[in-house]
Amino acid sequence: MGELVTILAIESSCDDTSAAVCINGSIFSNVIASQKVHEQYGGVVPELASRAHIQNIVPVVSEALKQADENLQQSGLPPMHEHPFSAIAYTSSPGLIGSLLVGAQFAKSLALSYNIPLIAVHHMQAHVLSNLIGENPPSFPFLCLTVSGGHTQIVRADSPSSLHVLGQTIDDAAGEAFDKSAKLLGLPYPGGPLIDKHAKDGDPFRFRFAEPKVPELNFSFSGLKTSILYFLEKQQAADSNFIQENLPDICASVQNAIVNILLKKLEAAVHETGIKTVCLAGGVSANSYLRKRFMETAGRNKWNYHIPEFQYCTDNAAMIAITAYHQFLEGNFSSFETTVSAR
Ligand code: KG4
Ligand code: ZN
């Protein structure tokens, strides 16, 4: 059993406290506590996020160990106490400083007390590598469209440790475009999943919004937000019930506009690089319409494609664990002096 690499990973970069256990590259638990406290403020309040992480981290880690034990038992494998940790991993950047610090200090204390290595993981690299979790991972090289609340990137992955950002947003992230549009429609934070839900009964071609012209493989979403704002103001002036009466069609049309922007650039990236294996990652890849259109586009272009399971799309520690596993194999450990950073 001494050969096995067992990693406990912590993710606390934003408003989800998560812990996961990974043994030899397989995920045995992935526990996520989402913070409800931010809903009433219409966005994440950093100070409240740090406090909630402090409250959640011990119960979340205990639950991750318990669930790993149950899964090991079901797989007929020895229990957790027969798998000494090989390393403790945590998210060191990017994210909210106070939130990152909670996970970092917890991980450092644990690694110090067990006298085992520490592995600092980059959150965006982890989103990309969430595609390596499970049975049929994509083969390298692949392109990954990473779409979250804070980032929108097209990444070329040549190996787990060799990732290159080919393009990214010059203003808002795709998740922000969802959340800000939802806010204009009077929906609570985070609005992305609600737009997804209402759009299911709507017509995506009913309303058209201006498409941004951004050079190369970069993205822009702030113009779309403005165009939606002006559109809603104009319609509401003529009919004050416009939003209530047309919510599904508006949501479907907004979603269609965002997805069009994303997939056009992904197609351009495939064309430019010649790489025909494509992946999705990040919170917005939980969006059902993006997933559907992504699969259609991949099918039409004869690309190989991969999308992580839902639980690995939004922020989670399993993606930190799988990334740490590859860092472990490469001997890429971190010093206890490593600091967290927002960017
Ligand atoms: O990756 P993530 O959990 O956190 C960050 O690292 O930012 O992404 C969160 C973002 C939020 O903007 C949220 O509205 C969006 O992902 N999101 C969705 C859906 N589920 C989550 N957006 C659209 N449709 C969804 N189903
Ligand atoms: Zn994220």
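Hey, got the Cα dimensions of the chain along the principal axes, in Å, largest first?
Largest to smallest, the principal-axis extents are 69, 45, 39 Å.
Radius of gyration and Dmax for the range 110-201's Cα atoms, expressed in Å?
17.3, 55
Which of the peptides 260-273, 71-84 is most tightly packed, and how do the rest follow, going by the mean number of other Cβ atoms within 10 Å of each residue?
On the way: 260-273: 17.4, 71-84: 13.4.
The most tightly packed comes first, giving 260-273, 71-84.
P(r) for the range 241-285, please, calculated from all Cα pair distances in 5 Å bins and given in %.
That works out to 5, 17, 19, 18, 14, 10, 8, 5, 3, 1, in percent per bin.
Any idea what the dipole of the range 219-343 comes to, in debye rounded to 20, about its Cα centre with Lys/Arg Cβ at +1 and Asp/Glu Cβ at -1? Write out the running numbers ahead of the final one.
On the way: 11 positive and 11 negative charges, 85 e Å.
Charge dipole of the range 219-343: 400 debye, to the nearest 20.
Please give the per residue volume of the convex hull enclosing the alpha carbon atoms of the range 257-343, rounded to a whole number of Å³.
Numbers: hull volume 12.7 nm³, N = 87.
Taking the convex hull of the Cα positions in the range 257-343, it is 146 Å³ per residue.
Report, by chain and number, residues whose modeled amide H sits under 5 Å from the one on Tyr305, excluding near sequence neighbours (fewer than 5 apart, same chain).
Hits under the 5 Å cutoff: Val278.
Go through the chain and flag any cysteine with no other cysteine's C-beta closer than 4.7 Å, please.
So far as the 4.7 Å Cβ criterion goes, Cys14, Cys22, Cys251, Cys313 stand without a partner in the chain.
Give a residue-ordered list of calculated ³J(HN,Hα) values for the range 129-145 (Karplus: 6.51 cos²θ - 1.76 cosθ + 1.60, θ = phi - 60°; whole Hz; x for Gly, Pro).
Going residue by residue, I get 6, 4, 5, 7, 6, x, 6, 10, x, x, 9, 7, x, 9, 9, 10, 8 Hz, with x marking Gly and Pro.
Quick one: what do you get for the range 2-80 if you divide its Cα Rg by 2.2 N^0.38 Å?
Working: Rg = 14.8 Å, N = 79, 2.2 N^0.38 = 11.6 Å.
Scaled against compact globular proteins, the figure is 1.28.
Relative to the first principal axis of the alpha-carbon coordinates of the chain, what is the inclination of helix 288-301, with its axis defined by its Cα atoms, in degrees from 0 to 90 and to the nearest 10?
That works out to roughly 90 degrees.
Need the list of aspartates and glutamates near Lys183 for cross-linking: C-alpha distance under 15 angstrom, and skip anything on the same chain fewer than eight residues off.
Glu39, Asp172, Asp196, Glu233
Restricting the calculation to Cα positions, tell me the Rg (one decimal) and the Dmax (whole number) of the range 39-180 in Å.
Taking only Cα atoms of the range 39-180, I get Rg and Dmax of 17.8, 50 Å.
For the chain, what proportion of DSSP beta bridges, expressed in % and rounded to the nearest 5, is antiparallel? Show your work: numbers first, answer last.
Details: 27 of 44 bridges.
Once the DSSP bridges in the chain are tallied, antiparallel ones form about 60 percent.
Over the range 185-343, what is the relative contact order in whole percent, taking alpha-carbon pairs under 8 Å and six or more residues apart? Intermediate results must be reported in sequence, preceding the final value.
On the way: 144 pairs, mean separation 37.5, N = 159.
Dividing the mean separation by the residue count of the range 185-343 yields 24 percent.
Place a +1 charge on the Cβ of each Lys and Arg in the chain and a -1 charge on the Cβ of each Asp and Glu, then give the dipole magnitude about the Cα centre in debye, rounded to the nearest 20. Please report the intermediate quantities before stating the final value.
Values: 23 positive and 32 negative charges, 141 e Å.
Computed about the Cα centre, the dipole is about 680 debye.
Whole-Hz ³J(HN,Hα) for each residue in the range 247-261, computed from phi via Karplus 6.51 cos²θ - 1.76 cosθ + 1.60 with θ = phi - 60°, x for glycine and proline: what do you get?
Values per residue, Gly and Pro as x: 3, x, 5, 5, 4, 5, 6, 5, 4, 4, 4, 5, 5, 4, 4 Hz.
Bear in mind these aren't lab numbers, they're just calculated from the coordinates by the rules spelled out. All of these numbers come straight from a predicted model, not from anything done at the bench. Positions of Cβ are generated from backbone atoms using ideal geometry, with glycine treated the same way; all protein chains shown enter the neighbour counts.
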